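Participant: Mind looking over this structure? Questions follow.
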6 protein chains.
Amino acid sequence: MSDDVPAISRFPVPELDDLPDDVRERIVAVQEKSGFVPNVFLALAHRPDEFRAFFAYHDALMDRPGGLSKAEREMIVVATSSRNQCQYCVVAHGAILRIRAKNPLLADQIAANYRKADITPRQRAILDVALKVCDAAYEVNDDDFAALRAHGLDDEDIWDVAAITAFFALSNRMANVTDMRPNEEFYSLGR
Amino acid sequence: MSDDVPAISRFPVPELDDLPDDVRERIVAVQEKSGFVPNVFLALAHRPDEFRAFFAYHDALMDRPGGLSKAEREMIVVATSSRNQCQYCVVAHGAILRIRAKNPLLADQIAANYRKADITPRQRAILDVALKVCDAAYEVNDDDFAALRAHGLDDEDIWDVAAITAFFALSNRMANVTDMRPNEEFYSLGR
Amino acid sequence: MSDDVPAISRFPVPELDDLPDDVRERIVAVQEKSGFVPNVFLALAHRPDEFRAFFAYHDALMDRPGGLSKAEREMIVVATSSRNQCQYCVVAHGAILRIRAKNPLLADQIAANYRKADITPRQRAILDVALKVCDAAYEVNDDDFAALRAHGLDDEDIWDVAAITAFFALSNRMANVTDMRPNEEFYSLGR
Amino acid sequence: MSDDVPAISRFPVPELDDLPDDVRERIVAVQEKSGFVPNVFLALAHRPDEFRAFFAYHDALMDRPGGLSKAEREMIVVATSSRNQCQYCVVAHGAILRIRAKNPLLADQIAANYRKADITPRQRAILDVALKVCDAAYEVNDDDFAALRAHGLDDEDIWDVAAITAFFALSNRMANVTDMRPNEEFYSLGR
Amino acid sequence: MSDDVPAISRFPVPELDDLPDDVRERIVAVQEKSGFVPNVFLALAHRPDEFRAFFAYHDALMDRPGGLSKAEREMIVVATSSRNQCQYCVVAHGAILRIRAKNPLLADQIAANYRKADITPRQRAILDVALKVCDAAYEVNDDDFAALRAHGLDDEDIWDVAAITAFFALSNRMANVTDMRPNEEFYSLGR
Amino acid sequence: MSDDVPAISRFPVPELDDLPDDVRERIVAVQEKSGFVPNVFLALAHRPDEFRAFFAYHDALMDRPGGLSKAEREMIVVATSSRNQCQYCVVAHGAILRIRAKNPLLADQIAANYRKADITPRQRAILDVALKVCDAAYEVNDDDFAALRAHGLDDEDIWDVAAITAFFALSNRMANVTDMRPNEEFYSLGR
């Protein structure tokens, strides 16, 4: 690696040609859709088995039909990743949130202090519970379920709130330990 | 469910016969090997796609060859799950640790205060970093890598320390939010 | 001390024959009743005056008649000692709780996350207040008293909740600083 | 105020014409220079005496000659305002940092996790001390001064690190309590 | 400086004769009124521009007419400065509080635990919000405003609660970083 | 109790005549020596057995010969009681510290921020370890013992540091839960 290009991970980053076919194909597909390869794909491809499980889990949660909108799912990611000080996820999912919500301000608002963001009371309740799952899941109780049901979430939606938060608890820790670097493209997307 | 049997999850628990074949087969295989079905399999089977990703991830980390022994991997699980107050994982993986380490005391020692456990200096260093990944991954830095290398871990082993901790950050949150109940069998296994 | 036997304390542990009569007699009585000498007796016998005060205080709280059952008193000990990461008290009083409650699961449940334990609403309220006394006694107020009275505790019972928690705040700190080691017998008692 | 325009403060926001001349002139000057009036000027103009002291203090610290560059001063603001979850200051000073540092990425990097930002070791040391002043000024000691001197800061520069952090400790609290809303212009400036 | 006199600041303390006239005159006026020069004046005179802004801000908040009594303003200072472990402000404003409240006990009570102090329910509510602004201003919300209005505060009074707390968030950090030493006179004043 | 006299405890306070002889005699002896009865004696006399154990423990630690001076023991009490926000112990033992150290300033300095107090490096090291025992005894380790030995403490002295801190961990919690009120005499003693 040249001195001029910052590393995208502390760990070795494989060449596309050295990857198993299915992993490479997933990456190529993303590149074709997005115009670039988000670094999380390259950094995690260092371990193909974990790569497969990671993205299968991600897709199961983020692409699943259900009561939470795509934008609401990304709000959960941005709010909890900010609490976990995960630079990669705040920057990358901030971009995705701007696009999903068609709102150039929301991601920065939520990353800084979600209590002051331009969101609905329902979304505020979702983020309150997501942050509790993030910080003190051992204290989650019936009251939290009731608070979300009061805003029209059913139990499957609440599972999604918890599972998205839990999945990014994993993701944030991997990004922080590997020093995963956000692609420059993300910073300006959707603004 | 009769009133006499405590629920194993807040969420619906599927009947084996209603599950997709691959999920059911995985569960049956565990049952044949262990003599019972750990409740995490039943609770997570509520969502087969997530079930598949969860156990694929689990196996990729816990069964992978590498420098960490099986017992050391379970030590990480028990120590970080205790910090996260995850009853299911402390009890279930406590049992697995007793078996893997052939030591009836170690799991209870680590769950209560790993700094006082009968472990080697290498294992103490591993758990120190695991707890940092658990609590403050955003502060992990070169010093943590150096501390583990000084005990003979290579970078792949350090990835394992981080990834096992990160995976159980997910698992602990799901278990706490779903009120997942440890099987009674776990409490006495390996004592 | 041989290399093979782990120390039970960082500090000198007296021989029984070197102890004042009353201290030795108390220890012998415990040994006769329990079949072994819990290490707390040997570790604290290093300072006979403190030994006498410690066990006098202990007995005044744990053997006193009153509204709290013996099992409930041990629940307070296990829950707060777990919060204080006191290996000795979690292991030793976990054993006593199993015996007092005639329940082999309860101690491990409470040590991991008392909010998920098989306890009554009254016991949950007792542990909520005990943990508050443990962590933030300066915030205890009328609402905490009211919460316990609502479950039938009178003010003497509430004093007991607070005083047992306070006494083990002392005990946990001494055990942690002295590296007090739980006897192996405790791990399997009552299972 | 129409329903369509979000409030910029919980408190009354004065009309420019109703302000004392010096306050109005300051605001007009900013508007001419920036092309818009940052909301902090309008929100704080509710109290002209505090307005005058606030901006006199601000200018004394941010415009003062000294060893810290303008960009470094803004880094301190963004890093500590992010810790204090101050949406206004993260967004507004993030914009100023992008401009001062001629770097479109830096503000988002620092807001998310300054330890992963593209900054020099000297800047990292400055932010480490700034965060300590932000969170635990009572523990600041000779070691912190030595750490900064090792990077070439003299004592006046260290005063600046502390005083900028301290001033925004004030500013962040006022912005959070008043629900001060960042101008939309800030989000895209300097990207 | 002789070895016998403790320094009042880590930073250079100017001679009165070397100060700008307005700064010196302010200090002389205080000395004539109080009989001594509180060290905060000397320590901050190291930077005259900041000195002027600091005391202008202080006076704007502490001398302003409004619903909060002078004693109540000092209660906020003592309670929040104690939380911030600011020796200078606890000692100096403790003295001022004793004088303003004509009560020799109140300052020590509030510094140790304001929840046990001899204050009115209104004052308790004020200090509860002040501590929240001190520790977690990002969570302040409508409920906090309602709690204070219920005790007769209007919005201007609530601004004062917040702004006094915010100003001393600044002051406490400067005093801690500069090792500002309280004058001995303060310890016994008003007892 | 008349409305004019504040209660000294939430719990019943016995009349001297109703107490067992030994308890009454202890109280009378204190009164003859001090000129008043510190309220801790009256509040704890509600439970004579606990009273006896409490004061036996107290005397065993505070009156024991050893390497720690009486003033150093009181420093530990004041510093850790301040951390625990125990108004009774900060005020009462602050007075005793002023007398033992023949220094009217030290108690207030230590209560506010012991790192800024006029104490020796040895005393600073003692208080650093005491605060660690107070807050995180589970992390105390060889380094803490080494730090104190470097200042001439032997292991018996270190036991005293820990045991005094541990005893007041108990005492602070009882005082906070019982709303124990400091006698007015303490506020001015030794100034």
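The values are calculated or read from the model by the stated rules, or taken from the named source; none is laboratory data. Keep in mind it's a predicted model, so treat the numbers as computed, not measured. Glycine gets a Cβ as well: all are built from the backbone with ideal geometry, and neighbour counts include every protein chain shown. Accessible surface is based on the protein model in full, side chains and every heavy atom, while ligands, DNA and RNA are left aside. Shrake-Rupley method; radii C 1.70, N 1.55, O 1.52, S 1.80 Å.
Participant: Can you find, among A:Ala92, A:Leu170, A:Ala136, the residue sitting farthest towards the positive end of the charge dipole of segment A:49-191, where Lys and Arg contribute +1 and Asp and Glu -1 at Cβ?
Facilitator: A:Ala92
Participant: Can you list the distances in nanometres, one decimal and ascending, from the C:Asp154 label point to the identical position in each other copy, with the point 7 Å along Cα to Cβ?
Facilitator: Result, one decimal in nm: 5.1, 5.2, 5.2, 7.1, 7.5.
Participant: HN-Hα J couplings of segment D:70-80 from phi, Karplus 6.51/-1.76/1.60, θ = phi - 60°, integer Hz, Gly and Pro as x?
Facilitator: 4, 5, 4, 5, 5, 4, 4, 4, 5, 5, 6
Participant: Would you kindly enumerate the cysteines in the protein assembly as shown that have no other Cys beta-carbon under 4.7 Å from their beta-carbon?
Facilitator: A:Cys134, B:Cys134, C:Cys134, D:Cys134, E:Cys134, F:Cys134
Participant: On a straight-distance basis, which lysines could pair with B:Lys33 in a cross-link, Cα separation under 22 angstrom, same-chain partners fewer than 8 positions away excluded?
Facilitator: B:Lys70, B:Lys102
Participant: Let me ask another. Using a 1.4 Å probe on the protein chains only, how many percent of the accessible area of the protein assembly as shown belongs to carbon and sulfur?
Facilitator: Roughly 49 percent of what the probe reaches on the protein assembly as shown is carbon or sulfur.
Participant: With the cut-off at 1.5 for a/c, could you classify segment D:79-191 from its C-alpha gyration tensor as rounded, prolate or oblate?
Facilitator: Here segment D:79-191 falls in the oblate category.
Participant: Report which residues of segment C:134-152 become buried by 30 Å² or more of accessible surface when going from the isolated chain to the complete set of protein chains (1.4 Å probe; DNA, RNA and ligands ignored).
Facilitator: Output list: C:Ala137, C:Tyr138, C:Val140, C:Phe145.
Participant: Taking a label point 7 Å out from Cα toward Cβ, give me the nm distances from F:Asp118 to the same spot in the other copies, shortest first, one decimal.
Facilitator: Nearest to farthest, the other copies are at 2.9, 5.4, 5.4, 5.9, 6.3 nm.
Participant: How much accessible surface area, in Å² rounded to 10, belongs to the heavy atoms of D:Asp108 with a 1.4 Å probe?
Facilitator: The accessible area of D:Asp108 comes to roughly 30 Å².
Participant: Between chains B and A, what is the buried accessible area in Å², counting both sides, with a 1.4 Å probe and ligands, DNA and RNA left out, to the nearest 100?
Facilitator: Buried surface at the B/A interface: approximately 3900 Å².
Participant: Another question about this same structure. Hey, can you list the residues from segment F:107-132 whose accessible area shrinks by 40 Å² or more with all protein chains present, relative to the chain by itself (probe 1.4 Å, no ligands or nucleic acids)?
Facilitator: When all protein chains are present, F:Asp108, F:Gln109, F:Ala112, F:Asn113, F:Arg115, F:Lys116 each give up 40 Å² or more of accessible surface.
Participant: Using alpha-carbon positions, what is the distance between the centroids of segment C:109-169 and segment E:154-171, in Å?
Facilitator: 36
Participant: I'd like the accessible area for C:Ile96, computed on protein heavy atoms only with a 1.4 Å probe and all protein chains in place. Round to 10 Å², please.
Facilitator: Approximately 50 Å² of C:Ile96 is accessible to the 1.4 Å probe.
Participant: Still on this structure, please answer the following. Under the convention of a label 7 Å out along Cα→Cβ, give the distances in nm from C:Ser69 to the same position in every other copy, shortest first.
Facilitator: Sorted ascending, the copy-to-copy spacings read 4.1, 5.2, 5.2, 5.4, 6.9 nm.
Participant: Going by accessible area, probe 1.4 Å, with all protein chains left in place, what is the ranking of E:Arg98, F:Arg24, largest first?
Facilitator: I get F:Arg24, E:Arg98, largest accessible area first.
Participant: Further question on the same structure: What order do A:His58, E:His151 take when sorted by accessible area (1.4 Å probe), most exposed first?
Facilitator: Correct descending sequence by accessible area is E:His151, A:His58.
Participant: Can you work out the accessible area per residue across chain D, with the rest of the protein chains kept in place, probe 1.4 Å, in square angstrom?
Facilitator: Per residue, chain D has 38 Å² of solvent-accessible surface.
Participant: Here's another thing I want to ask about it. Answer rounded, prolate or oblate for the protein assembly as shown, using the Cα gyration tensor with square roots of eigenvalues a ≥ b ≥ c: rounded when a/c is under 1.5, else prolate when a/b is larger than b/c, else oblate.
Facilitator: oblate
Participant: If I fit a long axis through the Cα atoms of helix E:21-34 and take the longest principal axis of the Cα atoms of chain E, what angle between them do I get, 0 to 90°, rounded to 10?
Facilitator: 70
Participant: Using Cα atoms only, what is the angle between the long axis of helix D:155-178 and the major principal axis of chain D, expressed in degrees (0 to 90) to the nearest 10?
Facilitator: 40
Participant: Mind jotting down the distance between the C-alpha centroids of segment B:54-75 and segment F:1-46, whole Å?
Facilitator: 62
Participant: Can you sort C:Arg149, A:Arg26 by 1.4 Å-probe accessible area, starting with the largest?
Facilitator: C:Arg149, A:Arg26
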